[in-house]
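Here's the structure we're looking at; comments come further down.
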Amino acid sequence: MAEVMTKTIRDESTASAFWGAVNTFCALDDVHVIADAPVGCYNLVGVAVMDYTDAIPYLENLTPTSLTEKEIGSSGSTGRLQEIIRELQPEGKRLLVVSSAESEMIGSNHTAMLKQHYPDIHFFNSNSLGENEWTGRDRALAWLCTTFIEEGPAPPVEPGTVSIIGPTYGCFNSPSDLAEIKRLIAGCGLKVQHVYPFASSLEEIAELRKSEVVVVMYKEFGQQAAELLGRPFIQAPFGLKETGNFIEELGRLTGREEEAAMFIREEKATTLKPVWDLWRGPQSEWFPTVRFGVAADATYAEGLKRFLADEMGMQCLFCHTSPETDNNKLRESLQKEQPQFMFGRMPDKIYLAELDAKTRFIPAGFPGPIVRRALGTPFMGHAGTVYLLQEIVNALYDTLFNFLPISRSAPEPIRNEPEVPWTAEANKVLETIVSKAPFISQISFGRELRKKAEALALKEGHTTVTPELLQRLG
């Protein structure tokens with residue numbers, strides 16, 4: 001009999017497509033979403049996630065059908081759905097019905113009923129059981145385009161206009177990165193026409209086709225919708241080279257090559273000057289010694305690796321970009337070799353705490369109780385390069401401070417403890433252990449470990465420090 005292999009993924013970083021759909025649709029200001037979900041099952045989407053990431057109390061335009069055992073076991077949710085529709089219709093917003101995992105399991109597809117009785121209300125099957133959050137967002141954005149853009153010839157393009165696709169609720173650092181992309185677009189003399197779905201409405205979806213260029217914020221979702229619009233689109237940039245290429249491409253696609261070239265020259269003299277100053281200063285000597293790891297969604301993981309490793313010369317120990325990162329393997333990576341910096345999610349911070357690692361954790365993705373609403377913390381674009389380098393250099397200074405000797409009011413008593421000799425094998429094991437610690441902290445870490453090993457040897461009456469004794473220190 002063939003052995004059945006199973007794969008366990010700890011602390012899944014992405015939620016289901018139901019979350020993705022709700023976070024996408026609720027971002028539209030003229031929409032009210034009806035979640036066909038059991039009592040309480042919508043709370044994490046509508047309350048907790050919003051509280052601890054986007055810093056809003058709850059989604060006011062989200063109402064559940066609140067399925068009970070009765071609806072799930074026999075009657076279905078159609079009756080309850082019709083009651084909610086009658087309650088919400090006077091509000092004047094467009095209603096969208098979204099399935100959840102539970103409603104999908106009992107086959108609650110309301111398309112036919114809505115078409116017959118409420119033709120202006122549409123049903124979106126989120127495929128909650130079969131897709132992750134990012135796939136759900138991508139399909140939700142494309143569905144909005146195909147559902148609310150009427151067939152026919154495209155409207156005339158408005159020269160000099162750009163629309164942005166991607167920013168939705170629950171996206172890490174979205175407000176700040178969006179502000180940076182808007183700044184880059186304006187720097188080329190172009191106008192941001194729409195931000196979809198943020199700051200947009202259903203009525204404005206068709207207007208997206210009037211944009212001369214479309215910018216897609218994230219690699220995980222948005223491309224499908226951009227293709228449906230039939231307009232040229234480009235990806236939002238990370239790092240120095242990508243951002244320069246982004247500005248040049250904006251100029252080429254809009255016939256504003258001269259404005260784009262002038263803007264790049266201005267950026268080098270203004271926004272990017274701190275990067276150049278750091279590169280010429282003594283801080284740059286640290287860059288080749290900096291070792292970092294990344295566990296985030298592809299946009300941020302790959303962007304951080306390209307900028308910090310490929311452009312700044314830092315060492316990337318590992319880069320996990322999958323929406324279903326195998327966190328067991330990630331934890332093993334952290335155990336084998338600890339980076340100085342870990343750009344990651346709350347699960348990664350927990351793993352570092354379990355390992356008592358000296359690594360500096362920098363949030364780079366959800367899940368995690370981390371609010372990112374300020375506009376001055378971008379990762380993308382030229383401003384992102386400045387912010388990221390500033391954070392790293394400041395953290396390096398902080399690391400050095402933590403290893404400085406502390407002046408005490410009274411000298412420590414002199415200990416007359418005998419020195420404990422080390423075997424050659426124990427010294428080699430110590431060197432191996434220390435080499436895995438962040439570079440700047442290696443001297444202090446090695447000294448501390450040596451003291452602990454000698455104290456343990458004296459306590460237990462050993463005459464030498466051996467590899468076995470060192471291993472017991474963890």
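What follows draws every value from the coordinates through simple rules; no lab data is involved. None of the values given here were measured: they were computed from a predicted structure. As a convention, Cβ positions derive from the backbone with ideal geometry for all residues, glycine included, and neighbour counts pool all protein chains shown.
Amide hydrogen proximity for PHE233: with H placed 1.01 Å from N in the peptide plane, the residues at 5 or more positions away or on another chain lying under 5 Å are VAL214. Loop sites by DSSP among the GluC sites (Glu not before Pro) of the chain, restricted to those with at most 12 other Cβ atoms within 10 angstrom, leave 152-323 as the longest stretch without any of them. Residue by residue, the stretch 285-296 carries 3J(HN,Hα) couplings of 5, 7, 3, x, 8, 6, 10, 9, x, 9, 9, 7 Hz when phi is fed to the Karplus relation 6.51 cos²θ - 1.76 cosθ + 1.60 (θ = phi - 60°); x denotes Gly or Pro.
In this structure the amide hydrogen of TYR196, modeled in the peptide plane, comes within under 5 Å of the amide hydrogens of ILE164, ILE165, GLY166, none closer than 5 places in sequence on its chain. Distance from the C-alpha centroid of the stretch 257-331 to that of the stretch 130-185: 25 Å, rounded to the whole angstrom. Look at the dipole of the chain built from charges on Cβ: of THR63, ALA27, ILE370, the Cα furthest out on the positive end belongs to ILE370. Couplings 3J(HN,Hα) for the stretch 198-210, derived from phi with the Karplus relation 6.51 cos²θ - 1.76 cosθ + 1.60 (θ = phi - 60°), are 4, 6, 10, 9, 4, 5, 8, 4, 5, 5, 4, 6, 7 Hz, where x marks Gly and Pro. Binning all Cα-Cα separations of the stretch 158-270 at 10 Å, short to long from zero, yields these whole-percent fractions: 14, 50, 31, 5, 0. Between the residues PHE287, VAL216, THR243, the greatest Cα displacement towards the positive end of the dipole of the stretch 197-307, with unit charges on the Cβ of Lys, Arg, Asp and Glu, is found for PHE287.
Please report, in debye to the nearest 20, how large the charge dipole of the stretch 17-131 is about its Cα centre when each Lys and Arg carries +1 at its beta carbon and each Asp and Glu carries -1 there. Before the final figure, lay out the partial values.
Numbers: 6 positive and 15 negative charges, 62 e Å.
The calculated dipole for the stretch 17-131 is roughly 300 debye.
Annotation: amide H of VAL290 within the under-5 Å range of GLN315, sequence separation 5 or more or interchain, hydrogens built in the peptide plane.
Give the longest segment of the chain that steers clear of chymotrypsin sites (Phe, Trp or Tyr not before Pro) in DSSP loops with at most 15 neighbouring Cβ atoms within 10 Å, not counting the sites themselves. Excluding the exposed sites themselves, the longest stretch runs over 59-402. Exposure proxy for LYS358, LYS329: other Cβ atoms within 10 Å of each Cβ, ordered fewest to most, give LYS329, LYS358. For Cα extents along the principal axes in Å, one of (i) 90, 65, 56; (ii) 66, 51, 41; (iii) 83, 61, 44 was computed from the structure I shared and the rest are decoys. Which label? Only one option fits the structure, namely (i). Here the stretch 274-397 is treated with +1 on each Lys and Arg Cβ and -1 on each Asp and Glu Cβ, and its dipole about the Cα centre works out to around 200 debye.
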